Every structure is written in C-alpha cells, then in structure tokens.
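Remarks on the structure that follows.
Laboratory data are not the source of any read-out in this text; all were calculated from the coordinates shown. As the structure is a prediction and not an experimental result, all values here were calculated from the model. Please note: Cβ atoms are built from the backbone with ideal geometry, for glycine as well, and neighbour counts cover all protein chains shown.
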Amino acid sequence: MSAEQIQQIVSEMGAAIGADCGLGNTLKFDFGDAGSVFIDGASKPNSVTDGEGKSAACVISVSLANFEKMVKGELDGTTAFMLGKLSVAGDMTLAMKIGPILEKARR
C-alpha cells in the first residue's frame, strides 16, 4: 500500500459522498500499516482526507483487500463484521451507515 493508493481512495470517496453523505459525524477507515482514510461528515461540505493522526467518533479497522471487496459489493459490511474481517471502535450506529456510502462509491 502506498500513499498514492490512499490518495486514490480519498479522491474517489470524496467524489462519491459529495457535500453531504448523511453521516453527521466523523468516521475513519483504518487499514493498519497501509494507512487510513478520514471522512468528516460533520462539516459542511463533507470532506474526505488522509486519516493519519486524526481521531473519529467511529473507527473501522479493515484490511485494504476487504475494504476493496466492500466497495465493489463483493463483501457486505455486516457479514465482514460477523466474520471478524472488520472491527468497529466507537459509535456503532455510524458504522451501520457506511453501506449507503459505499454504494455511492460503486457508481
């Protein structure tokens, strides 16, 4: 995983969520050593940036491979959670809102 790949995710997610993704709070995808992506759904307009050093109301820890499967619709977030392929720290209700956000990223 390189910084360029994180920036690609930031760019694609930013374009997908637009000005208001409906999150209403902050969420971070933590890919471990690979890096992280921060979604600020509390600010208007919403923004997506590199998550390095940022704390969020909800942190979803997932491998980059499983994240890519989720974006492609090949892996359901709830299923991934139940199988231990992702973990959630913080506000679980925010984690439950990622489905529609990932659907927007698919288009």
Next item on the list: Working only within the stretch 43-86, note down all residues that are of a type in the set (A, V, I, L, M, F, W, C) and either within 17 Å of Ala15 (Cβ to Cβ) or within 12 Å of the chain's Cα centre (by Cα) (or both).
Entry: Val48, Ala56, Cys58, Val59, Ile60, Val62, Leu64, Phe67, Met70, Val71, Leu86
Checklist line | Conditions (1) part of a loop (DSSP other than H, G, I, E, B); (2) touching a residue at least 12 places away in the same chain (Cβ under 8 Å); number of the one not met by Val37 | finding: (1)
Note to self: Suppose we keep only residues that are over 23 Å from Asp91 (Cβ atoms) and either acidic (Asp, Glu) or touching a Ser or Thr at 6+ places or on another chain (Cβ under 8 Å) (or both) within the stretch 7-33. Which one would you say is surrounded by the most Cβ atoms within 10 Å (Cβ to Cβ)?
What the structure shows: Glu12
Next item on the list: Test Ser11 against the criterion of being closer than 19 Å to Pro100 by Cα, free of Cβ contacts under 8 Å to residues at least 40 places away in the same chain and not in a helix (DSSP H, G or I), and give yes or no.
Entry: no
Next item on the list: Tell me, please, whether a residue that is under 21 Å from Gln7 (Cα atoms), assigned to a strand (DSSP E or B), out of contact with any helix residue (DSSP H, G or I) (no Cβ under 9 Å at 6 or more places or on another chain) and of a type in the set (Asp, Glu) can be found in the stretch 24-32.
Entry: yes
Next item on the list: Determine whether Asp40 is under 12 Å from the mean Cα position of the chain (by Cα) and under 19 Å from Gln7 (Cβ atoms).
Entry: yes
Checklist line | Residues (out of contact with any Lys or Arg (no Cβ under 7 Å at 6 or more places or on another chain) and outside any helix (DSSP H, G or I)) located in the stretch 63-85 | finding: Ser63, Glu74, Asp76, Leu83, Gly84, Lys85
Item checked: Among residues of the stretch 86-104, those that are more than 15 Å from Gly41 (Cα to Cα), of a type in the set (Gly, Ala, Ser) and assigned to a helix (DSSP H, G or I), counted -> 0
